[in-house]
Amino acid sequence: MKDKEVDVVVIGAGITGLVTAFLLIKKGKKVLLLEKNAKVGGQMETIREDGFVFESGPNTGVVSNADVVELFQMLQSRCSLEAARKEANIRLIWKNGTFHALPSGLLSAIKTPLFTWNDKIRILFEPLRKKGDDPFESVGSLTRRRLGKSFLDYAVDPFISGIYAGDPNKLVTRFALPKLYNLEQNYGSFIRGAIKKASEPKTDRDRMATKEVFSVSGGFENLAQALSDEIKSENIRLSVSQIDIHPADNGWETILPDSEESIHSRYVVSTAAAYALPSLFPFIAKEEMESISNLHYAPVIQIGVGIKESNGHVPNAFGGLIPSCEKQKMLGILFPSSCFSHRCPEGGGTLSFFIGGSKHPEYLSYTDEVLKQLVKEELHNMLNFPVDYSPEKIKIFRHTQAIPQYEADSEQRLASLENIQRQYQGLILAGGIRDGIGMADRIKQATKIAEEIENLI
Ligand SMILES: Cc1cc2nc3c(=O)[nH]c(=O)nc-3n(C[C@H](O)[C@H](O)[C@H](O)COP(=O)(O)OP(=O)(O)OC[C@H]3O[C@@H](n4cnc5c(N)ncnc54)[C@H](O)[C@@H]3O)c2cc1C
């Protein structure tokens, strides 16, 4: 056994683990990053074929905090943030057999067929409506109460499909959309809160959170590669099939039987998914662990489609979402080539179809043939491609446990996480089990962990 001493062992080389390790190394700490897969990136994976670029996992993030901008500034010699084209800043919603643009101004809000007249008038009185007092209120119930059913059906339900592939009647607002929850709790109303917040003074760092949609030039895998190059291969172990971790004197002992290494560290940071935690930390009490490992993940299939000649059929928009009340199989379609450059050969297009989600886990069992047929039908039905059109590329990416669902059990999960971290000093359980599922949330969490550890050692 080779003995090694580092400050921090980080488990998992997805965005959270990579950014944590990168920032700690930048702060002068010794880090070892452990990954069970043969490559870094976790859910970030980009596939390039014949000039087409497809994402298996995330396609975009939102610049919702300054940490995202600062990360790309630090990495600027290796990879760059690509903001989505402004002209494609249009979201489409499917209703009665066609896509409609989500309103972006007062006039379009009045004219849109997406919402009922009753709800359009009702929304004027939203600031006067009573504040909710149920800390476990679902996103669905909150929306119905404050905005009306048609806003739930044709705005929030598809929006929740786009982010969580989830069910708005199960996701709890306080955990799944904390900013929305706080708007009502702190200001009594979404509209009043949004107006007040817009007029509050902003620091330079606040202003860096532009809310722009972004990707990475060439695809998200370039971000993973850039971070991995910075961390350096000697500080990363890939294809780690077994990790034995035990509390030890003044920290932790991590044994890697594959490489016959025994590593002593002050901190262990796990970014593994909830279902991976019981086998990583068998010494944690079963009842405590179960409230974390029971976290439900929505399954998703992403289908990348490459089109050689788009002939105007790929909309100049961010994407189209399909409300569940419309009873279609697809959750939504993204149009990456309309937002980002070099995603397809000149004159072509790329699309990403999403199917499944927590409302339809059974679609995960569809064969590739069935999925390909479905895509061809929807290209015709939803985007007016010729009926017999067959795209040049169809790439199917199945994720049986894709997106964590912050439902009513979140309070217990967060309490257990705190208890465990209090009981086992130096163990940090992070990743998507808490603090948000978006790429910006992941970067923010990693930045905070790196800062906390820097201040402690
Ligand atoms: C299909 C799909 C589309 C998405 N689209 C978007 C989007 O458009 N925008 C957005 O903001 N977010 C999106 N997300 C969510 C976003 O991709 C994730 O929240 C984020 O990538 C998770 O990063 P992570 O590092 O926390 O976890 P992961 O990427 O899951 O990384 C965890 C790593 O830990 C490793 N690991 C697990 N167990 C062990 C072990 N025992 N030993 C060693 N290593 C281990 C895993 O192999 C993995 O590499 C999407 C997710 C999916 C699946």
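The values are calculated or read from the model by the stated rules, or taken from the named source; none is laboratory data. Computed from a predicted structure; not experimentally measured. In this analysis, Cβ positions are derived from the backbone assuming ideal geometry, glycine residues included, and neighbour counts consider all displayed protein chains. Just the protein is used for accessible areas: all its heavy atoms, side chains included, with ligands, DNA and RNA removed. Shrake-Rupley method; radii C 1.70, N 1.55, O 1.52, S 1.80 Å.
Structure notes:
- Of the listed requirements (1) loosely packed, with under 15 Cβ neighbours inside 10 Å; (2) assigned to a helix (DSSP H, G or I), PHE283 misses just one: (2).
- Here the stretch 391-405 is the region considered, the condition is being more than 20 Å from the chain's Cα centre (by Cα) and open to solvent by 40 Å² or more (accessible area, probe 1.4 Å), and the residue that is farthest from VAL69 (Cα to Cα) is GLU392.
- Index of the failed condition, ILE163 passing every other in (1) open to solvent by 30 Å² or more (accessible area, probe 1.4 Å); (2) aliphatic (A, V, I, L, M); (3) over 16 Å from SER189 (Cβ atoms); (4) without any contact (Cβ under 8 Å) to a residue 24 or more places away in the chain: (4)
- Filtering ILE236, ILE255, ILE231 for residues that are within 12 Å of the ligand (Cβ to nearest atom) and either in the same structural domain as LEU23 (by TED's automatic domain parsing) or within 26 Å of the chain's Cα centre (by Cα) (or both) leaves a single hit, ILE236.
- Filtering the stretch 171-192 for residues that are open to solvent by 70 Å² or more (accessible area, probe 1.4 Å), more than 22 Å from the chain's Cα centre (by Cα) and free of Cβ contacts under 8 Å to residues at least 60 places away in the same chain leaves a non-empty set.
- For the stretch 57-79, a tally of residues being out of contact with any Leu (no Cβ under 9 Å at 6 or more places or on another chain), open to solvent by less than 50 Å² (accessible area, probe 1.4 Å) and farther than 18 Å from SER338 by Cβ returns 5.
- Counted residues, the stretch 406-430 - those being open to solvent by less than 10 Å² (accessible area, probe 1.4 Å) and either closer than 14 Å to SER291 by Cβ or within 12 Å of the ligand (Cβ to nearest atom) (or both): 8
- Hey, ILE292 open to solvent by less than 10 Å² (accessible area, probe 1.4 Å) and assigned to a helix (DSSP H, G or I) or not: yes
- Considering residues of the stretch 57-70 that are more than 10 Å from the ligand (Cβ to nearest atom) and more than 16 Å from MET44 (Cβ to Cβ) only, the residue nearest to the chain's Cα centre (by Cα): VAL63
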